[in-house]
Amino acid sequence: MAKYLVTYHGSAAPSDPAMQAQVEAAFGQWLQEAGSAVVDPGAPVHMVKQVANGTPSDAVEIGGYSIIEAPSLEAAERILQSHPFVGRGGTLQVNEVVVL
């Protein structure tokens, strides 16, 4: 089984408390549907600093992350197709965790 780091891009969280409650409920429903494939549901994040030796690379805004586990990239994609963040117009970037 491969692990995948999923980062969230675009589609900011709603500021309206009622809408935020709907977003959280939809995420909870997705977590139940995804089941044990979700290794770490993650959390929202915001960049606070870059550390580099010299000029840092261009910053990329990441709204949050999750870690999932699936037997293949295709299986991971199937799990993520129903993610409510995608339904709200956001983009999920999938990076495979490489075990050395």
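Numbers for the structure displayed
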item: Candidates TYR65, TYR4, filtered to the one that is open to solvent by 60 Å² or more (accessible area, probe 1.4 Å) and assigned to a strand (DSSP E or B); result: TYR65
item: Hey, SER82 among the small types (Gly, Ala, Ser), surrounded by 15 or more Cβ atoms within 10 Å (Cβ to Cβ) and more than 23 Å from VAL99 (Cα to Cα) or not; result: no
item: Residue count, the range 76-100 (criterion: polar (S, T, N, Q), assigned to a helix (DSSP H, G or I) and closer than 20 Å to MET19 by Cβ); result: 0
item: Yes/no for VAL94 being surrounded by fewer than 17 Cβ atoms within 10 Å (Cβ to Cβ) and over 12 Å from the mean Cα position of the chain (by Cα); result: no
item: Among (1) among the aliphatic types (A, V, I, L, M); (2) more than 14 Å from VAL38 (Cα to Cα); (3) within 16 Å of the chain's Cα centre (by Cα), the one test that ALA59 misses; result: (3)
item: The range 44-71 - residue that is acidic (Asp, Glu) and over 20 Å from VAL23 (Cβ atoms) and, of those, modelled with the lowest pLDDT; result: ASP58
item: Members of the range 50-82 found to be of a type in the set (Ser, Thr, Tyr) and closer than 26 Å to LEU31 by Cα, listed by number; result: TYR65, SER66, SER72, SER82
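This table checks each residue for (1) in a strand (DSSP E or B); (2) among the small types (Gly, Ala, Ser); (3) open to solvent by 60 Å² or more (accessible area, probe 1.4 Å).
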| site | (1), (2), (3) |
| --- | --- |
| ALA18 | no, yes, yes |
| LEU31 | no, no, no |
| GLY42 | yes, yes, no |
| HIS46 | no, no, yes |
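The rows are residues; the columns are (1) of a type in the set (Asp, Glu); (2) within 11 Å of VAL6 (Cβ to Cβ); (3) modelled with pLDDT of 95 or more; (4) in contact with a helix residue (DSSP H, G or I) (Cβ under 7 Å, 6 or more places away or on another chain).
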| position | (1), (2), (3), (4) |
| --- | --- |
| ALA25 | no, no, yes, no |
| GLU33 | yes, no, yes, no |
| GLY42 | no, yes, yes, no |
| ARG78 | no, no, yes, no |
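The values are calculated or read from the model by the stated rules, or taken from the named source; none is laboratory data. Owing to the predicted nature of the structure, the values given are computational and were not obtained by experimental measurement. Methodologically, a virtual Cβ is constructed for each residue, glycine included, from the backbone with ideal geometry; neighbour enumeration extends over all protein chains shown. Surface areas here come from the heavy atoms of the whole protein model, side chains and all, with no ligands, DNA or RNA. Shrake-Rupley method; radii C 1.70, N 1.55, O 1.52, S 1.80 Å.
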